[in-house]
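A.B. asks: Can you read through this structure? Questions will come right after.
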Amino acid sequence: MKKFILLFSLLAYSGYTFAQQTYTIGNETLELKTETEGSLDLLWNVINEQYRYFIRTEDGKITELKNTKNSKNKYQEEYKTVLTDLTSIDASKVNLTTYSLKSFIDEFNNTKDSNYVITDSSSKLKFRLGLFGGLTNSPFNQNINNEKTAFFGTEIEAVSDNLDSRHSGFLNMRHTTDNDDFQYSATQIALGYRFRFINKNNINVYAQTKFATYTSATIKTTITNPEDAASLITIENTSSGFDAPFIFGLGADLKIGNGYLTLVYDSLFAVFIDNQDNFPVDFAIGYKFNL
């Protein structure tokens, strides 16, 4: 058993060192991952929260693929010129992303070596399970005194394992509680979409929309008993139904451990539901686990 563990550890370590090695490039010493190997090798890593890409030729020369801005703040796309010079293939449609660069280099390597094996680089879905809680004033419901109540819920999010992807979908369920001064409670199941306009290795910031919801709500109203002015009557009304409200919000995920601390400001506005008189308050904090 000990021999097996030792052998496994050595194999794991050797695989790691093969996938990521140290290179001296100019005045920098960098740890780089090998994405493709052939007539041209594609090397890359996330360094100081930035994706950096390099091409290594058969003679061992390493050239960085850059996309700097000029004095007019416009990207110069120098990497396209480098790729075209190295391959004699038009690189005008290549993006500075792992997937796009790998596809281009794979295509070139395949023309140079009929035995070159193109590995599957298509993105696959992975899932994150989230738990959250927060405070809301139920901005799409009449709330005369602007009362705040607690809510809690859970969520499953589907994201691509491609680090360049900015898109994800989610399904969440939340329950909003009531209190003595605002007797509105609701359970909502929502299907939504997120776009990450800031997408880094340890933080991303996104806009989100809930485009389909099923809500079951209860509203309690206390009135004076018309038959006995000294007593009160509580009337309970329930309703439920599907809707396509397109509710928009903002959120951020901060990588902590094997998951993400998540912050969401939801219900800023909706396309097909009117906000009531109160400024929207709908804040949540939670944690997502990678599955």
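The values are calculated or read from the model by the stated rules, or taken from the named source; none is laboratory data. Since this is a predicted model, take the numbers as computed values, not measurements. Don't worry about glycine lacking a Cβ; one is built from the backbone with ideal geometry, like all the others, and counts go over all protein chains shown. Ligands, DNA and RNA are excluded from the accessible area calculation, which covers all protein heavy atoms including side chains. Shrake-Rupley method; radii C 1.70, N 1.55, O 1.52, S 1.80 Å.
A.B. asks: Would you mind telling me which numbered condition in (1) modelled with pLDDT of 90 or more; (2) of a type in the set (D, E, K, R); (3) assigned to a loop (DSSP other than H, G, I, E, B) ASP266 fails?
C.D. replies: Of (1) modelled with pLDDT of 90 or more; (2) of a type in the set (D, E, K, R); (3) assigned to a loop (DSSP other than H, G, I, E, B), only one is false for ASP266: (3).
A.B. asks: Of all residues in the stretch 165-208, which are open to solvent by 40 Å² or more (accessible area, probe 1.4 Å), modelled with pLDDT under 95 and under 22 Å from ASP253 (Cβ atoms)?
C.D. replies: Listed by number, the residues that qualify are ARG166, HIS167, PHE197, ILE198, LYS200, ASN201, ASN202, ILE203.
A.B. asks: State which residue is most open to solvent (accessible area, probe 1.4 Å) when the search covers only the stretch 239-291 and only residues that are within 19 Å of ASN137 (Cβ to Cβ) and of a type in the set (D, E, K, R).
C.D. replies: Checked the stretch 239-291; the qualifying residue most open to solvent (accessible area, probe 1.4 Å) is ASP277.
A.B. asks: Being touching a Lys or Arg at 6+ places or on another chain (Cβ under 6 Å) and either open to solvent by less than 40 Å² (accessible area, probe 1.4 Å) or not acidic (Asp, Glu) (or both) is true for just one of LEU86, LEU135, LEU129. Which residue is that?
C.D. replies: Step by step, each of LEU86, LEU135, LEU129 is checked, and only LEU135 is touching a Lys or Arg at 6+ places or on another chain (Cβ under 6 Å) and either open to solvent by less than 40 Å² (accessible area, probe 1.4 Å) or not acidic (Asp, Glu) (or both).
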